[in-house]
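Any read-out appearing in this document is the output of simple, stated calculations on the displayed coordinates, not a laboratory observation. Please read all numbers here as calculations on a predicted model, not as lab measurements. Ideal geometry is used to build each Cβ from the backbone, glycine not excepted, and the neighbour counts take in all protein chains shown.
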Amino acid sequence: MKHKSILLITFCLTLITLCACNGKKKNHDGQDVSVTEMKADVKAKKYPFEKGIVYQKTSAMGIESNPVVYFDKWGEWEATETVIEMEMMGQKMVTRELEITKGNDYWKINLEEKTGVHFNRPPAISPMGMDMEKISKEMLGEMNIELLGEETFLGYPCKKYRLQSDKNTLGMEYLLYGNLMMKMKGEAMGMPVTTEVIKIETVAPPAEKFEVPADVEITKY
């Protein structure tokens, strides 16, 4: 039961990114390509800072967690530690997860079970899958994204966007500082999801945060 609950939460959060990134546009040959693929050869900054630590609070399906994100090289290297606590039938359960991204290399690790997977995937530059600092009004419209205005959050000047999927399976409002998601609120598949940055430290993260723990067994795909 525990693993099923964790999988549902992970699926819900992953769905947000997948739905946001599924927009299509024509390339020079008239073929459909995703915005992510179009931006793959563009050097963009995922974070508005070269290195730092971002503290978040997240709620999905009524279950809260507090991810901590460590990043370097403007986000080319990223490590996210997430602890999820829940109580079911009077029993408290805890799971600890670690995600590491170094370029196109990605690791997802269960620190409780000491197991993980490693595969290659193109990293998303933002929750929408594109460089939001360079996006045009035309592309915003094609991706069903509406710019709502500007708002200051934690002292940073942010832009507020609303994303609605074509099939109405996803409705989200995002607050972004550059490509950094400062706040998100909405529904995915009818399930309420919120994420909010509570603190940012622009310091060099410990180098070991970007390394797979020695006692973890990794399966490569």
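Site pair residue 133 and residue 219 shows an inter-label distance of 3.9 nm when each label is modelled 7 Å from Cα along Cα→Cβ. Which of rounded, prolate, oblate describes region 82-137, given a ≥ b ≥ c as roots of the alpha-carbon gyration tensor eigenvalues and a/c under 1.5 marking rounded, otherwise prolate only if a/b is larger than b/c? Oblate is the answer for region 82-137, as a/c is 1.5 or above yet b/c matches or exceeds a/b. Sparsely packed loop sites in region 82-117 (the trypsin sites (Lys or Arg not before Pro) outside DSSP H, G, I, E and B with at most 13 other Cβ atoms within 10 Å) comprise 114. Assuming charge only on the beta carbon of Lys and Arg (+1) and of Asp and Glu (-1), the dipole of region 74-166 about its Cα centre is about 60 debye to the nearest 20. Once backbone amide H atoms are built at 1.01 Å from N, residue 148 has 160, 161, 162 as its partners under 5 Å, excluding neighbours fewer than 5 places away on the same chain. Most tightly packed first, judged by the mean number of other beta-carbon atoms within 10 Å of their residues, the peptides 176-184, 210-218 read 176-184, 210-218.
Modelled label positions at residue 87 and residue 173, each set 7 Å beyond Cα in the direction of Cβ, lie 3.2 nm from each other. Here the average projected area of the convex hull drawn through the C-alpha atoms of region 102-202 stands at 8.7 nm². Our coupling estimate for region 131-136, obtained by passing each phi through the Karplus curve with A = 6.51, B = -1.76, C = 1.60 and θ = phi - 60°, is 6, 6, 7, 10, 5, 8 Hz, Gly and Pro reported as x. Farthest towards the positive end of the charge dipole of region 98-177, among the residues 156, 117, 145, is the Cα of 117, using unit charges on the Cβ of Lys, Arg, Asp and Glu.
Estimated at 0.36 nm per residue, the fully extended path between residue 105 and residue 64 surpasses their Cα-Cα distance by 12.0 nm. What the phi angles of region 178-192 give under the Karplus curve with 6.51, -1.76 and 1.60, with θ = phi - 60°, is a coupling list of x, 9, 7, 6, 8, 7, 9, 8, x, 9, 10, 6, x, 9, x Hz, glycine and proline written as x. Across the cross-link table entries 92/209; 134/183; 108/160, which are compared at the Cα atoms, the separations over 22 Å belong to 92/209; 108/160.
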